[in-house]
Amino acid sequence: MKIVSLAFACLLSAPLAAQVETIIPPVVAGAKPVTVEHATIHADSIVGNLEGDAVDRDLFVFLPPSYAREKHRRYPVVYALHGFFIGAEQWSHEIHVPQTIEGAFARGAKDMIVVLPDSKTIHLGSMYSSSVTTGDFENFIARDVVAYVDSHYRTLPARESRGLVGHSMGGYGATRIGMKHADVFGSVYIMSPCCLSPRSQPTDPEQAKKLEAVKSLDDFKGLPFFAHAAFASAAAWSPNPDNPPFYLDLPTRNGELRPDVLARWTANAPLAFIDQYIPALKRYAAISIDVGDQDGLRVDTATLHDVLTRYHIEHSFEQYAGTHTSAVADRFQNHVLPFFDEHLCFEKKCR
């Protein structure tokens, strides 16, 4: 039996998303401390979701050293999206903030606000998609979070002053949201994105049986990672309000593939819908993509680079030495934040 699988093929190549150790860049001498605020945001876009995901979400906001001192100064904002299996708090540990933010500032990046929103669900990942089952996490990021930050902090509330970055599932989110919300963000950095393309791979019929046998959250105990990834993908991409208790359709029924469900998953693959968003992508001041040369996601990531090249969309692409997670903290300090330093607008009038 074969199955077209985004979660199976992409997420399984990066076990536990960003759960492994990463290189921590050394503390930069003379780095000034940033201020960390933990907020809770009521997510209107997630209200009414069928799987019971929390509508009050964690938000970690990192304010630059000058924020408290320069009372009339406004700042650009970088929104950083976490990967599968983790939430915003663990993401903060894995990219080693605030140390890496402080290090980027000490090494010359201009002061900016960095925001880590939480998009973890009962199935361990929202896929940053829009679904009646999970709620609309796409607009949670692009609308709810941005509106909250603009109303509670001294931001420069223009797309040219907003950056979007994500790693793994967050890289998928940055790709998806970046294509669909170029009116909100002005620069995008895509780190090791998962789930860019639908693909066929052999699937053990026994695995399909195990998925279909899950009838409650307790049934997940002892099941492998792929089971969580499959249910998260189905909740995001093949919701079904008439199919309790999880309100989703799996890609098999009684062991048989369901072409209608697979088609819905394919429709959520960025490489399948990117051609519709070329004018939006051309609006960005800058796009950057990176991936490790030992990352199982490197092939699809390179394909994304090829598509952008074919459409003459200005961007940078780097395949660095590393695995899926080995360099994420170093990349965040020494590549991601300097990228936004170069490409975001730091002035009140940006156009």
key: Members of the range 303-351 found to be within 18 Å of the chain's Cα centre (by Cα) and among the aliphatic types (A, V, I, L, M), listed by number   = L304, A327, V328, A329, V336, L337
task = Could you run through the range 264-278 and say how many residues are among the β-branched types (V, I, T) and open to solvent by 20 Å² or more (accessible area, probe 1.4 Å)?
result = 1
ask   = Out of (1) in a strand (DSSP E or B); (2) modelled with pLDDT under 95; (3) exposed (fewer than 15 other Cβ atoms within 10 Å of the Cβ), what's the single condition that is false for I3?
value = (3)
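Only one residue in K32, K71 is touching a Pro at 6+ places or on another chain (Cβ under 8 Å) and loosely packed, with under 14 Cβ neighbours inside 10 Å, so which one is that? Explain how you work it out, then say what you get.
Details: K71 fails: touching a Pro at 6+ places or on another chain (Cβ under 8 Å).
Among K32, K71, only K32 is touching a Pro at 6+ places or on another chain (Cβ under 8 Å) and loosely packed, with under 14 Cβ neighbours inside 10 Å.
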inquiry  = Which count do you get for residues in the range 142-169 that are within 24 Å of Y247 (Cβ to Cβ) and touching a strand residue (DSSP E or B) at 6+ places or on another chain (Cβ under 6 Å)?
reply    = 0
note = Counted residues in the range 212-261 being touching a strand residue (DSSP E or B) at 6+ places or on another chain (Cβ under 7 Å), surrounded by fewer than 20 Cβ atoms within 10 Å (Cβ to Cβ), touching a residue at least 12 places away in the same chain (Cβ under 8 Å) and over 17 Å from G135 (Cβ atoms) come to 2
task = Could you please tell me which pairs satisfy a Cβ distance under 6 Å, a separation of 6+ or placement on different chains, a first residue in the range 90-119 that is open to solvent by 20 Å² or more (accessible area, probe 1.4 Å), and a second residue that is part of a helix (DSSP H, G or I)?
result = H96/A329; K110/D341; D118/A88
ask   = What residue, among those in the range 226-250 that are under 19 Å from D300 (Cβ atoms) and not small (G, A, S), is modelled with the lowest pLDDT?
value = F226
query = Can you pull out the residues in the range 193-210 that are surrounded by 18 or more Cβ atoms within 10 Å (Cβ to Cβ), in contact (Cβ under 8 Å) with a residue 24 or more places away in the chain and in a helix (DSSP H, G or I)?
reply = A208
message = Are there helices (runs of 4 or more DSSP H) fully within the range 279-351 with at least 3 residues that are farther than 18 Å from T22 by Cβ, open to solvent by less than 20 Å² (accessible area, probe 1.4 Å) and modelled with pLDDT of 95 or more? List them.
response = 298-310
query = Just for the range 246-261: of the residues that are part of a strand (DSSP E or B) and not hydrophobic (A, V, I, L, M, F, W, C), which one is nearest to the chain's Cα centre (by Cα)?
reply = T252
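The values are calculated or read from the model by the stated rules, or taken from the named source; none is laboratory data. Source: prediction; values computed, not measured. A quick note on method: Cβ atoms are made from the backbone with ideal geometry, for glycine too, and the neighbour counts reach across all protein chains shown. With ligands, DNA and RNA removed, areas are computed over all heavy atoms of the protein, side chains included. Shrake-Rupley method; radii C 1.70, N 1.55, O 1.52, S 1.80 Å.
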